[in-house]
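The next block holds one structure in the form of structure tokens; read it before the comments.
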Amino acid sequence: MAITCPAECACHTGPYTRCSIPGGCGTAGCGRDQAGSCPACHRRDPDYGLVCEPCRNWLPLALYSVGEKYTRLPYALVPANSPNGDKVAGSREPAAPLNLDAEDLLTRVVRNGGIPVDSTPDTMVPVTALTPVNVNADTFDVREWHEEDGDQVTLHREGQHVRRQLVLQQRQVVTGLDGQPLLRPANDQIGYLPVAQVLDGWVRDWIDARQMREHRPTPTVPHLIDWLGHRLDWACDNYEPIGDFTDSIRSVRGAEMAVLGEFDPPAPSCDGVECSRCDRRQLFRAQDGSGDIVCRNENCRKVYRQAEYEEWTRELANRERGRRTPEDIKELLRSRTPAQVM
């Protein structure tokens, strides 16, 4: 069911302005394209459940890819040395004996009564609160006046000491019943969260959401991924924060790839084909197996389904034929045909 926007929506004010009304179409060019309701990609409407079919196919691949890359992280623990064993010129301090990013990702989950203990804790600092404090503010007010005596003018000054009481907000340490300061994390943790800790948090959340009295698996990455993988169909149909889970898997997978020095191949571009909305040649094929074509112009972001893209390219071809003479077409075909080797 298509979602429409009210007339005052920003996307009605210009051809490339995005929708600004909550619950609106979400894209530029209202009435021409509708944003998908899939929480994983926001480009397609699912045929059933919460997640569209291409994202249903991609999500298990991404989840199990996290486990596969995790098995190779131990090989990245020791930083690569110089081929000749020499120190790098200009180094101010020796490198760490271990790759700290890889060590962060490999850290295990420690549970205390079933609740995971953060294995990379923040610094604990005292809890403070703003408290009103009465402060005396002393001022010396000066009053001036002129006194005229014929042609002579005399300036007089008179001072008066004034004390005022101000109420200021002062930050004070909060103490507990035992008189000791209460502590809180300083949120100064650096580096990546352990893969097992992230996955274990989702397992606990899914158990609470499913309410089926399920037991928590062993908090190791293989067991956690296997547990989540067997319940992905349920999550794609019923788990409301499935979009947050998808973003989390993308983030963890990206962190592993960064440590391993890997990257996804760049999306293939549709060379020479301009977008039907913004006229820019920034069309790329999506890499989620959907076959969609996406415009990377930030002010456009038009999405073509495969059939729509084929129809658009046929229309462009017809326009091109209409502008060229038969002789031009023959010459163009001749230039694009490789010469035969005798």
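Since every read-out is calculated from the coordinates, none of them should be taken as a lab result. The structure displayed is predicted, hence computed values, not measured ones. All Cβ positions, even for glycine, are placed from backbone atoms using ideal geometry, and neighbour counts span all protein chains on display.
Among the GluC sites (Glu not before Pro) within segment 145-231, those in coil by DSSP and having at most 16 neighbouring Cβ atoms inside 10 Å are 214. With r as the distance between the Cβ atoms of residue 214 and residue 182 and R0 = 35 Å, compute the FRET efficiency 1/(1 + (r/R0)^6) and round to 0.05. About 0.50, to the nearest 0.05. The alpha carbon gyration tensor of segment 145-230 gives principal lengths a ≥ b ≥ c with a/c of 1.5 or higher and a/b greater than b/c, which makes the shape prolate. With a simple spin-label model that places each label point 7 Å from the Cα along the Cα-to-Cβ direction, the separation between residue 331 and residue 156 comes to 10.3 nm.
Close amide H partners of residue 128, meaning residues 5 or more places away or on another chain with modelled amide H under 5 Å apart, are 174.
Residue separation of residue 306 and residue 258 scaled by 0.36 nm, minus their Cα-Cα distance, works out to 14.1 nm of gained length. Site pair residue 286 and residue 205 shows an inter-label distance of 2.3 nm when each label is modelled 7 Å from Cα along Cα→Cβ.
Legend: calculated FRET efficiency, residue 248 to residue 37, from the Cβ-Cβ distance at R0 = 25 Å, rounded to 0.05, equals 0.80. Summing charges over all other residues whose Cβ lies under 10 Å from the Cβ of residue 259, with Lys and Arg as +1 and Asp and Glu as -1, gives -3. The calculated FRET efficiency for the pair residue 321 and residue 271, based on their C-beta separation and a Förster distance of 30 Å, comes to about 0.95.
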